[in-house]
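Have a look at the structure below before the remarks.
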Amino acid sequence: AQQGGGLGLQGQSDVLLEGVEVRDNRALSGSGLFATTARLTVRNSTFANNVTLGQSGAGALYVTSNSQMTMENSTVSGTTASLGGGLRLTASSSATITGGRFENNIATSLGGGIQTNGNVSLTLDGVVFSNNRASQGGAFSIEGSNVTATNCVFERNRAQNSGGAVRAADGENIVVSD
């Protein structure tokens, strides 16, 4: 698939995924899920072993173009992509992620677990980032975004160049607290 190997959401979609497993999909961008101008709630679900093909492909979940995502107690693991191995959040979109894990994801460029870019808002509470890798920003890479991370765990994340856990650039606002 070009976008959304598992699921493709477009045009004011309002979707609830609960207890869903999205596994072993391939796409040029958003190998597990692609959402544009959509509202998405994900609960108690798993995105695993999705592969994004191509040099500028986004990870397991690609949320863009004024989309809103709420994710609770879900796992994103084993995905390979160029940007945002687990999640790429762009273009004035927002996400609130509570609980769950981003683990064993790989980005050949930015953000092994998560990559944000383009006036986005990301709130993380109690999320575990484990064993993610990237060229820059092992757990996540932030550009031009507002990010709040509370009670999160960062363990064994790696970057080849900068930001083993977190890479921040270009006017971001980051708050990390216990």
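Just a few scattered comments:
- Residue, nearest to ASN132 (Cα to Cα), within segment 52-66, restricted to residues that are open to solvent by less than 40 Å² (accessible area, probe 1.4 Å) and aliphatic (A, V, I, L, M): ALA60
Residue by residue, here is whether (1) more than 23 Å from ASN50 (Cβ to Cβ); (2) open to solvent by 30 Å² or more (accessible area, probe 1.4 Å); (3) of a type outside the set (Lys, Arg) holds:
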| residue | (1), (2), (3) |
| --- | --- |
| SER82 | no, no, yes |
| ILE97 | no, no, yes |
| GLU155 | no, yes, yes |
| VAL176 | yes, yes, yes |
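- Selection status of GLN115, surrounded by fewer than 24 Cβ atoms within 10 Å (Cβ to Cβ) and either under 26 Å from ASP178 (Cβ atoms) or over 14 Å from the mean Cα position of the chain (by Cα) (or both): no
- Residue match in segment 119-129 (condition: acidic (Asp, Glu), in contact with a Lys or Arg (Cβ under 6 Å, 6 or more places away or on another chain) and open to solvent by 60 Å² or more (accessible area, probe 1.4 Å)): no
- For GLY86, the criteria (1) modelled with pLDDT of 95 or more; (2) buried (at least 24 other Cβ atoms within 10 Å of the Cβ); (3) over 23 Å from GLN3 (Cα atoms) hold in every case but one, which is (3).
- For segment 76-89, the tally of residues that are within 11 Å of the chain's Cα centre (by Cα) and under 15 Å from ASN131 (Cβ atoms) stands at 5.
- All conditions but one from (1) in a loop (DSSP other than H, G, I, E, B); (2) open to solvent by 40 Å² or more (accessible area, probe 1.4 Å) apply to GLY164; the one that does not is (2).
- Screening PHE129 on (1) closer than 19 Å to MET69 by Cα; (2) hydrophobic (A, V, I, L, M, F, W, C); (3) in contact with a Ser or Thr (Cβ under 8 Å, 6 or more places away or on another chain) shows it passes everything except condition (3).
- Hey, GLY57 at pLDDT 95 or above and either under 20 Å from ASN161 (Cβ atoms) or out of contact with any helix residue (DSSP H, G or I) (no Cβ under 7 Å at 6 or more places or on another chain) (or both) or not: no
- Within segment 1-45, the residues that satisfy the criterion of being buried (at least 17 other Cβ atoms within 10 Å of the Cβ), of a type in the set (S, T, N, Q) and farther than 19 Å from ALA107 by Cβ are THR36, SER45.
- Filter result (over 13 Å from GLY163 (Cβ atoms) and among the acidic types (Asp, Glu)) within segment 114-147: ASP125
- Matching residues, segment 1-35, being within 11 Å of VAL63 (Cα to Cα) and either among the hydrophobic types (A, V, I, L, M, F, W, C) or more than 16 Å from the chain's Cα centre (by Cα) (or both): LEU9, GLN10, LEU33, PHE34, ALA35
- Scope segment 135-152; condition outside any strand (DSSP E or B) and surrounded by fewer than 24 Cβ atoms within 10 Å (Cβ to Cβ); matching residues: ASN151, CYS152
The values are calculated or read from the model by the stated rules, or taken from the named source; none is laboratory data. This is a predicted model, so every value here is computed, not measured. All Cβ positions, glycine included, derive from the backbone under ideal geometry; neighbour counts span all protein chains shown. Note: accessible area is taken over every heavy atom of the protein model, side chains too, but ligands, DNA and RNA are not part of it. Shrake-Rupley method; radii C 1.70, N 1.55, O 1.52, S 1.80 Å.
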